1. Ile8 passes all but one of (1) over 11 Å from Tyr82 (Cβ atoms); (2) outside any helix (DSSP H, G or I); which number fails?
2. Could you pull out the residue among Ser43, Ser58, Ser11, Ser73 that is of a type in the set (Ser, Thr, Tyr) and touching an Asp or Glu at 6+ places or on another chain (Cβ under 9 Å)?
3. Can you find, within segment 81-90, the residue that is nearest to the chain's Cα centre (by Cα) among those that are more than 18 Å from Leu23 (Cβ to Cβ) and assigned to a helix (DSSP H, G or I)?
4. Check off (1) of a type in the set (A, V, I, L, M); (2) out of contact with any Phe, Trp or Tyr (no Cβ under 7 Å at 6 or more places or on another chain); (3) under 18 Å from Pro87 (Cα atoms) for Leu39 and give me the number that stays unchecked.
5. Can you tell me which condition Arg3 does not meet? The list is (1) of a type outside the set (Phe, Trp, Tyr); (2) exposed (fewer than 11 other Cβ atoms within 10 Å of the Cβ); (3) at pLDDT 95 or above; (4) more than 19 Å from Phe90 (Cα to Cα), and all the others hold.
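The values are calculated or read from the model by the stated rules, or taken from the named source; none is laboratory data. In this text, all values refer to a predicted model and were calculated from it rather than measured experimentally. Neighbour counts are summed over all protein chains in view; Cβ atoms, including those assigned to glycine, are modelled from backbone coordinates with ideal geometry.
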Amino acid sequence: MFRFRKGIPLSYNRQGYIFFQSLLFPELSQRDQERIIKLCKQSAGQYWRALLEYVTTSANAPYIEMKHHISQSTLYRVTREYYLRFPRKF
């Protein structure tokens with residue numbers, strides 16, 4: 001479910017676009033999937049797999065944190081970075 005994040009300095013519409021575009025990951029072309037994976041690697045470094053699962057599935061934050069051994073603050077920090085780096089035209 002999409003929720004506006006006040007901690008990310010982007011408009012409601014832009015955040016919604018990024019959220020829903022990311023959820024379409026399985027339906028995207030191989031090229032676009034690679035672009036999202038690359039963006040996750042740039043945004044999260046060693047935590048890129050956690051970020052990828054968080055933004056491309058409906059898994060909630062506590063589940064991702066426990067599965068990938070990542071703190072809540074780190075997950076939110078890398079998610080914010082992902083949103084800020086997401087290209088204008090995808």
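1. (1)
2. On the way: Ser58 fails: touching an Asp or Glu at 6+ places or on another chain (Cβ under 9 Å); Ser11 fails: touching an Asp or Glu at 6+ places or on another chain (Cβ under 9 Å); Ser73 fails: touching an Asp or Glu at 6+ places or on another chain (Cβ under 9 Å).
Just one listed residue meets the conditions, Ser43.
3. If we take residues in segment 81-90 being more than 18 Å from Leu23 (Cβ to Cβ) and assigned to a helix (DSSP H, G or I), then Glu81 is nearest to the chain's Cα centre (by Cα).
4. So Leu39 meets the others, but not (2).
5. It fails just one condition, (3).
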